[in-house]
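Quick note: the coordinates plus some simple rules give every number you see, no bench work behind them. Computed from a predicted structure; not experimentally measured. Methodologically, a virtual Cβ is constructed for each residue, glycine included, from the backbone with ideal geometry; neighbour enumeration extends over all protein chains shown.
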Amino acid sequence: MSIEATTLSILGVIIAMALVTLATRWGGVYAMSFVPIRPRVQRFIQAMSGSVLVALLAPMAVAGDTAARLALLTTAGVMLVFKKPLLAIACGVVAAALFRYF
Amino acid sequence: MAVVGSELYRLNKLLVWQGFKQLAPIGMFVAAFGAAFGLAATQAGLADSTTLTMSMLVFTGTAQFAILDLWGPELPLFTILLTVFAINSRHLLMGATLYPWLRHLPPAQRYGVMLVVSDANWAMAMQTFNRKEPGLGVLLGGGIALWLYWVLGTWLGVYFGNVISNPKAFGIDMVMACFLLALVLDTQKSLSTFITWVVAATASLLAYWYLPENSHVIVGALAGGIAGTMVIDKTPTEESLGEEKNEH
C-alpha cells in the first residue's frame, strides 16, 4: 500500500511509526503481566538479556567492514585484559578511526 | 540484604538525575548520530519539520535511518511500518527483561518509563540490576538524556548540515557497538553464560544470512534465552539446587 506524500499524510506516517515503536516499547511489559514469574521464566529472562546484545553485535563482528571488526576485537581484548569499560570503548573507536585513516 | 534486594525497583528524582548524568557522555555520540541522521534525512528529501518531528516522536536511530531508503513522493506505508516493527521488535524483549522490576511500579510509571527505552539505557540498567543496585533511574534518566541528545543532534544536522560530515572517519559509528560489547563482557562469566552467548550469536548470524531482513536480533535473543533456560537448569549451582527442590 502506497500513499501520496502530502503534508498531512507525512504526519500520519510519522505518527503511525511512533505508534508501532510505542507498541514495541510497551508490548513486552504488557505481555509479561500475564506470565507468572517462576524461576524458569526468570532464567529465560536472564539468559535473554545478555543474548539481545550478543545477537545485535554478532553480525557486525562477522559481516561488518574491517574497521568495525577491528573496533569490536580491540574492545573485547582490552575489556578482557584490563576490565575497564571506558578504556575498552575508547581503544575500539580509535582502532576503527586509525584503520580508516591509513 | 534481602531488604536491599527488594528495593531495587525504586525510582526517585535523585536516581533519575544520576542516571541522566551517567549516560550523558555516551549521549554526545548519540547527538553526532542524530546530526548524521538530520543530514541524511535532508538529503533524502524530508522537510526540516518532518525530520525533527520524527526524531522527537519515534526516537529510534536504526529504524529512522532504515526508512530513509523508502522515502519518496509515494510512501509505502506497510513496508515502512514493517521495517520499523522488525528493527524495534527487540524492545519487546527488553520490556520483558525489565518486567521483574517494573511490575512493582504503578502502571502509569511502569509504561511512562518505557517511553524512552533504547539499547544503551536498557543495557546499562540491566547491568546496574545485576550489581544489585537500583537500575530504573538509569533507564529513565539515561533515556531522557539520550532522547534530548538525539533530538538536539537531529536539529543540528538539519539546520547546520555538515556538523560532522563523515562520522565514520572518526570511528563514531562504532561507539555504540563498542559500548554495548563492553557491557556484555562486564557481566559475570560462567560456562552457562558462554553457551548461551554461542547459541545467541549462531542463531543471530543464521537469521542474518537466511531469514528476512532485521529478524536477527529477536531470533538470536530468543534462541539464547531458550538455551540459557536449559543450560542453567542442568548446571547444578547452589541457587538452582536450593530453589528447584522447593519449587517442585
Modelling each spin label as a point 7 Å along the Cα-to-Cβ direction, I'd like the B:Tyr159/A:Ala63 distance in nm, to one decimal. 3.9
Taking 0.36 nm per residue of separation and subtracting the Cα-Cα distance, what length does fully extending A:Leu98 through A:Arg38 add? 16.7 nm
Just going by the charge dipole of chain B, with Lys and Arg at +1 and Asp and Glu at -1 on Cβ, which of B:Gly137, B:Ala221, B:Leu77 is farthest out on the positive end? B:Gly137
Using a 10 Å cut-off around each Cβ of peptide B:143-151, what is the average number of partner chain Cβ atoms that fall inside? 0
Expressed in nanometres to one decimal, the distance between label points 7 Å along Cα→Cβ at B:Ser215 and A:Ala31 is 1.5
Between A:Leu11 and B:Asp69, what is the label-to-label distance in nm when each label sits 7 Å out along the Cα-to-Cβ direction? 3.0
Which value, in debye to the nearest 20, describes the size of the charge dipole of chain B about its Cα centre when Lys and Arg Cβ atoms bear +1, Asp and Glu Cβ atoms bear -1, and nothing else is charged? 440
What does the average come to when, for each residue of peptide B:215-223, you count the partner chain Cβ atoms lying within 10 Å of its Cβ? 5
Mean projection of the alpha-carbon convex hull of chain A over all orientations, in nm²? 11.9
Using 29 Å as the Cα-Cα cut-off, could you pick out the over-long pairs in A:Lys83/B:Lys132; B:Lys13/B:Lys168; A:Lys84/B:Lys168; A:Lys84/B:Lys21; B:Lys13/B:Lys132? B:Lys13/B:Lys168
Extension gain B:Val198-B:Lys132, at 0.36 nm per residue separation less the Cα-Cα distance, in nm? 21.2 nm
Run the dipole for the protein assembly as shown about the Cα centre, Lys and Arg Cβ at +1, Asp and Glu Cβ at -1, nothing else charged, and hand back the magnitude in debye, nearest 20. 760
If you rank A:Trp26, B:Trp209 by fewest surrounding Cβ atoms within 10 Å, what's the result? B:Trp209, A:Trp26
Quick check: residue separation of B:Leu82 and B:Leu105 times 0.36 nm, minus the Cα distance between them. What number comes out in nm? 5.2 nm
Sort A:48-60, B:219-231 for me by packing, meaning the mean count of neighbouring Cβ atoms within 10 Å per residue, highest on top. A:48-60, B:219-231
Within 10 Å of each Cβ in peptide A:81-92, how many partner chain Cβ atoms are there on average? Round it to a whole number, please. 4
Given the -39500 (n - 2.57) contribution per DSSP H run of 4+ residues, what per-residue ellipticity at 222 nm results for the protein assembly as shown, rounded to the nearest 500 deg cm²/dmol? -25500 deg cm²/dmol
Just check chain B against the gyration tensor rule for me: Cα atoms, a ≥ b ≥ c as the square roots of the eigenvalues, rounded for a/c under 1.5, and otherwise prolate or oblate depending on whether a/b exceeds b/c. prolate
